[in-house]
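Only one structure is covered here, and it is reproduced in the block below.
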Amino acid sequence: MTKNIKNQKAILEKLKIERLNPMQEEVQHAIHAYPETVVLSPTGTGKTLAFLLPILAQLEQDLIQVQAMIIVPSRELAIQIEQVAREMGTGFKINTVYGGRAFAKDKEDIKHPPALLIGTPGRIADHMRRETMDMSAVKILVLDEFDKSLEVGFEKEMKEIVQALPAINKKVLTSATQGVEIPSFLGITETQEVNYLGDKNENLTIKTVIASEKDKLEALKNTLYHIGNKPGIIFCNFKNTIQYVSTYLKSIGIDHGCFYGGIEQKDRERALIKFRNGTYQILLATDLAARGIDIPELQFIIHYQLPIHKEEFTHRNGRTARMHKSGTAYVLQWENENAPEFITSAEIIEPQENKPLNPSPWKTLFISGGRKDKISKGDIAGLFCKQGGLDNESLGIIELKKDCAFVAVKTTEISQLLQKVDNNRLKKKKVRVREI
């Protein structure tokens, strides 16, 4: 046990986390002590780290088989969990599998079995049918945001997966929603529940903006100008609304990303990358972005369209005021519109038009090489700073993927930097560098 505590301390240092929060501590204890754990906690409270720490501590270094499986409802959540697990630096092989990606790439990645497999129900079930991996040693099963997987129609695949895993001795279910029924096929008999959903978020402030016009665009602009240059999400109910609002924001010079189910997976991932690294300060999104995606340091959200259900309101608000930080949710309400009873706001504000938003100082560069080419973040920083002449202040967040990388660079440095680093070698690979 001492070894695990020592490892945990090193992991937290790598993640730049001083200590676990009470929910994470309680989840750790429950997963170690009980065969079945249900974790109920709001979006943004650190559930991913809470279950990864005890799971990875129970894996065997010498066993070359899949030992733990994490099933998630979306590709974005799979990628996010993989990123956190890799940043923990445990030395275990980790792979993600999900739809929208060539099956041949999956087969190549898992030729040597990972200790931890993360994926969507449809793609994992597909691998099981094709027998691309030996699942006989999987002893830990995590169903992250399990209610969302059921909601989007994965019940058949989830049932198929659970019934095909003979060695399971530990199950973990997580959700950010209260009162969700656990399906009988999961075989949950003696649940240990860790429930933090009743905790009121004292760091969240809800404010209402009354719009005189039905389209609320003027009110949206004034609200954004009132907030100033801070990162946040504007939530809409429909993709058509996002396209409508996006056209308006472009017309007034507010750069932003769009995130909803109707756009290509690659474009969704890049919108999130550019939002995380500061190239975009605004993300226009449906409730697809309300949970299960990695967007730290969010200072506000705007309900451009009012949510239909209380759960949607809760999940959207959960994107801000996270991990002991303050945040504000703005409710845009047309003067003739009745808000649902679950939306309460003690404060109605009338934002006056202020200074327009400043353009982001950052742009994003794409690099055509990644982890499979043995390239590290340090290699990229070295190329940009030594050969590119970039100083540390002009180099932003680096996101390293399997076969590519994305780097935030100050806009003023882009032109000269590209001339110096494009078509250069990183490790043994000649890489292309371009702005996206």
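The values are calculated or read from the model by the stated rules, or taken from the named source; none is laboratory data. Note that the structure is a prediction, hence the values are computed from the model and not measured. Glycine also receives a Cβ, built like all others from the backbone with ideal geometry; neighbour counts cover every protein chain displayed.
A few notes on this one:
- For segment 358-384, a tally of residues being assigned to a loop (DSSP other than H, G, I, E, B) and either under 29 Å from Gln83 (Cβ atoms) or at pLDDT 95 or above (or both) returns 9.
- Options Leu77, Leu150: the member that is assigned to a helix (DSSP H, G or I), at pLDDT below 90 and either in contact with a helix residue (DSSP H, G or I) (Cβ under 8 Å, 6 or more places away or on another chain) or not assigned by TED's automatic domain parsing to the domain that holds Asp267 (or both): Leu150
- Selection from segment 153-179 of residues that are over 20 Å from Ile81 (Cα atoms), of a type in the set (Val, Ile, Thr) and either outside the structural domain of Arg129 (by TED's automatic domain parsing) or not in a helix (DSSP H, G or I) (or both): Ile168
- Evaluating Lys355 against the criteria (1) crowded, with 19+ Cβ neighbours inside 10 Å; (2) modelled with pLDDT under 90 leaves one unmet condition, (1).
- Remark: pairs (first residue in segment 111-125, of a type in the set (D, E, K, R); second residue crowded, with 24+ Cβ neighbours inside 10 Å and part of a strand (DSSP E or B); Cβ separation under 7 Å; 6+ apart in sequence or on different chains) = Arg123/Val97.
- Strands (runs of 3 or more DSSP E) lying entirely in segment 389-436 (those with 2 or more residues that are within 22 Å of Arg86 (Cα to Cα) and without any contact (Cβ under 8 Å) to a residue 12 or more places away in the chain): none
Okay, residues lined up against (1) farther than 30 Å from Asp255 by Cα; (2) over 25 Å from the mean Cα position of the chain (by Cα):
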position	(1), (2)
Gln192	yes, yes
Thr205	no, no
Ile210	no, yes
Glu213	no, yes
Leu217	no, yes
Lys221	no, yes
Ile227	no, no
Pro231	no, no
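- Tally, over segment 18-31, of residues that are surrounded by 16 or more Cβ atoms within 10 Å (Cβ to Cβ) and either part of a helix (DSSP H, G or I) or among the hydroxyl-bearing types (Ser, Thr, Tyr) (or both): 7
- Residue count, segment 289-298 (criterion: of a type outside the set (Lys, Arg) and either buried (at least 19 other Cβ atoms within 10 Å of the Cβ) or at pLDDT 90 or above (or both)): 6
- Some residue of segment 306-319 being part of a strand (DSSP E or B), closer than 27 Å to Ile79 by Cβ and either touching a residue at least 24 places away in the same chain (Cβ under 8 Å) or not assigned by TED's automatic domain parsing to the domain that holds Lys250 (or both): no
- Taking residues in segment 325-353 that are among the acidic types (Asp, Glu), and partners anywhere that are surrounded by 14 or more Cβ atoms within 10 Å (Cβ to Cβ), the pairs with Cβ atoms closer than 6 Å and at least 6 places apart or on different chains are Glu335/Ile210; Glu347/Lys207; Glu353/Asn222; Glu353/Tyr225.
- Residues being outside any loop (DSSP other than H, G, I, E, B) and either in contact with a strand residue (DSSP E or B) (Cβ under 7 Å, 6 or more places away or on another chain) or closer than 17 Å to Leu306 by Cβ (or both) - total across segment 225-238: 5
- Qualifying positions in segment 111-134 - surrounded by fewer than 20 Cβ atoms within 10 Å (Cβ to Cβ), part of a loop (DSSP other than H, G, I, E, B) and either touching a Leu at 6+ places or on another chain (Cβ under 8 Å) or basic (Lys, Arg) (or both): Lys111
- Segment 372-384, residues that are closer than 17 Å to Asn277 by Cβ and surrounded by fewer than 19 Cβ atoms within 10 Å (Cβ to Cβ): Lys377, Ala381
- Within segment 166-176, considering residues that are touching a strand residue (DSSP E or B) at 6+ places or on another chain (Cβ under 9 Å) and surrounded by fewer than 18 Cβ atoms within 10 Å (Cβ to Cβ), the one farthest from Val66 (Cα to Cα): Asn169
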